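The values are calculated or read from the model by the stated rules, or taken from the named source; none is laboratory data. Here the structure is a predicted model, which is why all the values come from computation and not from measurement. Neighbour counts run over all protein chains shown; Cβ positions are idealised from the backbone, glycine included.
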Ligand code: G
Ligand code: G
Ligand code: NA
Ligand code: MN
């Protein structure tokens, strides 16, 4: 069967799961939140298919709305359960695709889901990839982000450094945080060019008044470098791999 057919079936049968990866305050070494990552175990091939592969397919098939709403619902449902179980809530960042962002009712959708589940807007963050920021749509995107932010939702720009957004564009957008793409973190500190790029991105983000988060931190030397250059937060296998909801409960209970 083609990926289109298998994905349609998976959406109909609702076989997805949310994994969560901790975000860490680099100075304090403390867990301060999570990124929600969608997981699809493809029964036919007995393997996980990456969202990098199936999200574009869902967009093409016009199914991203259904799938994206499911992700938001599921995350909010988990958040409310954690609170009901007496766990201390840390905010969860949900990835939003370009098409989800450009649909004219994202803010409405989010506020409907918050109301329905009883989750608080302050528990939710949205991550929007830099590639969503098409220059021709700058005003429209700024408006959508303003709407979301006025609900109390934090917005991060994801995969920063892989797109083409200019500084003048970025400063017009209502953003809270910037995530440095893993490809810039991977070879620091040994690769001098990457090290210069990473430290420049951190300085630039700070110049724009944004919180900076490094992705894909895998070892102590990368961590030291990022810390020394004043990067606020990070995530990566060094701290924790993405894990199921059950694991999040233990993490929250341990309060690390
Ligand atoms: O978790 P993994 O490395 O396989 O993720 C690959 C890509 O898929 C990342 O860029 C991530 O942002 C994206 N992704 C993960 N979960 C979601 C989701 O729920 N919605 C969207 N739109 N993208 C997601
Ligand atoms: O594009 P986005 O940043 O949302 O993608 C996040 C993806 O990166 C997740 O699918 C996650 O599994 C993966 N990831 C997170 N931490 C690490 C890491 O330390 N190393 C590697 N190789 N991948 C990571
Ligand atoms: Na992301
Ligand atoms: Mn990213």
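Mind checking which residues of segment 35-62 are within 12 Å of ligand 1 (Cβ to nearest atom) and outside any helix (DSSP H, G or I)? Can you show your working first?
Let us first name the residues in segment 35-62 that are within 12 Å of ligand 1 (Cβ to nearest atom), namely 35-40, 48-59.
Of everything in segment 35-62, those that are within 12 Å of ligand 1 (Cβ to nearest atom) and outside any helix (DSSP H, G or I) turn out to be 35, 36, 37, 38, 39, 40, 48, 49, 50.
Pull up segment 8-34, narrow it to residues that are over 19 Å from the mean Cα position of the chain (by Cα) and outside any loop (DSSP other than H, G, I, E, B), then point me to the one that is surrounded by the most Cβ atoms within 10 Å (Cβ to Cβ).
The selected residue is 10.
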Is at least one residue of segment 223-233 near ligand 2 (Cβ under 10 Å from one of its atoms), touching a helix residue (DSSP H, G or I) at 6+ places or on another chain (Cβ under 7 Å) and either at pLDDT 95 or above or assigned to a loop (DSSP other than H, G, I, E, B) (or both)?
-> no
Show the residue pairs that are 6+ apart or on different chains and have beta-carbon atoms under 9 Å apart, the first residue being within segment 119-133 and without any contact (Cβ under 8 Å) to a residue 24 or more places away in the chain, the second being within 10 Å of ligand 1 (Cβ to nearest atom) and outside any helix (DSSP H, G or I).
-> none
Could you grab me the full set of residues in segment 165-180 that are part of a loop (DSSP other than H, G, I, E, B) and within 16 Å of ligand 4 (Cβ to nearest atom)?
-> 165, 175, 176
Which condition number in (1) in contact with a helix residue (DSSP H, G or I) (Cβ under 7 Å, 6 or more places away or on another chain); (2) farther than 26 Å from residue 48 by Cα; (3) modelled with pLDDT of 95 or more; (4) surrounded by 15 or more Cβ atoms within 10 Å (Cβ to Cβ) is the one that residue 199 fails?
-> (1)
Mind counting the residues in segment 181-192 that are away from ligand 2 (no atom under 12 Å from the Cβ) and assigned to a loop (DSSP other than H, G, I, E, B)?
-> 5
